[in-house]
Amino acid sequence: MSYPKKLLNPGELIAFDLHPHWWYFAPLGSFAVVILAGAVAATILLNGNAQTYTLLGLGALTVMWLVTFLVRFAEWRTTHFVLTSDRLIVRTGVLSKHGTEIPLERINDISYHQTLFERMVGTGDLMIESAGERGQDTFPRIPHPDRAQQLVYTEMENNRLRVPGPRVEQKETSIPDQIAALASLRDKGFVTDAEFQAKKAELLSRM
């Protein structure tokens with residue numbers, strides 16, 4: 001199940017749409033191995049009623065495992081980590097939905113963490129530090145977080161070049177126009193009021 005295109009803004013393109021890494025199912029996989037080993041042991045070592053009751057118990061556990069797997073699979077299919085040309089989106093939930101969005105303009109830093117085992121299987125945690133009140137968000141079990149980090153940086157640069165912002169070094173733009181552009185960014189939520197006031201004071205000092 002891919003991220004719904006109807007939720008994108010006009011002209012917004014998807015760079016990647018990721019589900020959690022398959023290691024998301026590791027605990028269930030381990031439990032399945034235990035059930036299978038128990039069934040084999042019961043078949044070889046037990047007989048009569050003991051074998052029958054043991055296999056019935058393992059059958060009940062198998063049904064419980066299957067139900068749990070279906071629930072986890074539905075959660076996996078409906079969990080999206082999406083990078084678009086404008087923002088990072090995390091969307092989760094089978095029936096009720098929960099979403100988090102970070103505009104690319106507000107991202108200050110991206111890092112990732114992998115243990116040795118996570119490097120071997122190709123998963124890890126991606127940490128996004130953004131401006132404003134959110135601070136740092138950690139997104140676990142991202143497939144190949146090093147590649148995801150690189151793609152986010154690429155889209156940030158593409159976004160910066162595609163959506164021109166106020167640039168102090170552009171001499172053809174007057175200082176009042178730059179302040180007006182900054183005010184527009186503040187009103188849209190791309191910069192905080194404190195950032196706006198600091199930049200405004202810097203620009204006024206140059207007049």
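Could you tell me whether Val40 is exposed (fewer than 15 other Cβ atoms within 10 Å of the Cβ), in the same structural domain as Leu18 (by TED's automatic domain parsing) and modelled with pLDDT under 95? Break it down into steps so the answer makes sense when it comes.
Working: exposed (fewer than 15 other Cβ atoms within 10 Å of the Cβ): yes; in the same structural domain as Leu18 (by TED's automatic domain parsing): yes; modelled with pLDDT under 95: yes.
In short, yes.
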Region 1-30 residues that are farther than 23 Å from Arg141 by Cβ, paired with ones that are charged (D, E, K, R) (beta carbon under 6 Å, 6 or more apart): Glu12/Asp86
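Out of the residues in region 45-83 that are of a type in the set (Ser, Thr, Tyr) and closer than 30 Å to Ile102 by Cα, which is nearest to the chain's Cα centre (by Cα)? So that I can check it myself, show each step before the final result.
Here is the first cut: in region 45-83, the ones of a type in the set (Ser, Thr, Tyr) are 52-54, 62, 68, 78-79.
This time we only want the ones that are closer than 30 Å to Ile102 by Cα, so: 78-79.
Working: Thr78: 12, Thr79: 9 Å.
By that ranking, first place goes to Thr79.
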Extreme residue, modelled with the highest pLDDT, among residues of region 171-187 that are charged (D, E, K, R) and not in a loop (DSSP other than H, G, I, E, B): Asp187
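Determine if region 92-113 includes at least one residue that is in the same structural domain as Phe31 (by TED's automatic domain parsing), in a loop (DSSP other than H, G, I, E, B), surrounded by fewer than 14 Cβ atoms within 10 Å (Cβ to Cβ) and in contact with a helix residue (DSSP H, G or I) (Cβ under 7 Å, 6 or more places away or on another chain).
At the first step, the residues of region 92-113 found to be in the same structural domain as Phe31 (by TED's automatic domain parsing) are 92-113.
The next check asks that each one be in a loop (DSSP other than H, G, I, E, B); those that pass are 93-97.
Filter once more, so that each one left must be surrounded by fewer than 14 Cβ atoms within 10 Å (Cβ to Cβ): 93-97.
With in contact with a helix residue (DSSP H, G or I) (Cβ under 7 Å, 6 or more places away or on another chain) added as a condition, the list becomes 94.
Looking for residues that are in the same structural domain as Phe31 (by TED's automatic domain parsing), in a loop (DSSP other than H, G, I, E, B), surrounded by fewer than 14 Cβ atoms within 10 Å (Cβ to Cβ) and in contact with a helix residue (DSSP H, G or I) (Cβ under 7 Å, 6 or more places away or on another chain), one finds at least one in region 92-113, hence yes.
Can you name the residue in region 1-37 that is among the aromatic types (Phe, Trp, Tyr) and surrounded by 15 or more Cβ atoms within 10 Å (Cβ to Cβ) and, of all such residues, is farthest from Ala148 (Cα to Cα)? Let's see the steps before the verdict.
Going through region 1-37, the residues among the aromatic types (Phe, Trp, Tyr) turn out to be 3, 16, 22-25, 31.
Next, from what is left, pick out any that are surrounded by 15 or more Cβ atoms within 10 Å (Cβ to Cβ): 3, 16, 23-25, 31.
Numbers: Tyr3: 17, Phe16: 9, Trp23: 17, Tyr24: 18, Phe25: 21, Phe31: 31 Å.
Looking at the filtered set, the residue picked out is Phe31.
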Pick from region 88-107, criterion over 12 Å from the mean Cα position of the chain (by Cα) and among the small types (Gly, Ala, Ser), ranking: modelled with the lowest pLDDT: Ser96
Residue match in region 71-81 (condition: assigned to a strand (DSSP E or B) and modelled with pLDDT of 90 or more): yes
Complete set of residues in region 119-129 that are surrounded by fewer than 18 Cβ atoms within 10 Å (Cβ to Cβ), over 12 Å from the mean Cα position of the chain (by Cα) and either in a loop (DSSP other than H, G, I, E, B) or not hydrophobic (A, V, I, L, M, F, W, C) (or both): Arg119, Gly122, Glu129
Residues that are modelled with pLDDT under 75 and part of a helix (DSSP H, G or I), drawn from region 188-207: Glu195, Phe196, Glu202, Leu203
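The values are calculated or read from the model by the stated rules, or taken from the named source; none is laboratory data. Fair warning: this is a prediction, and the values are worked out from it, not measured in the lab. Heads up, the Cβs are rebuilt from the backbone with ideal geometry, glycines too, and the neighbour counts pull from every protein chain shown.
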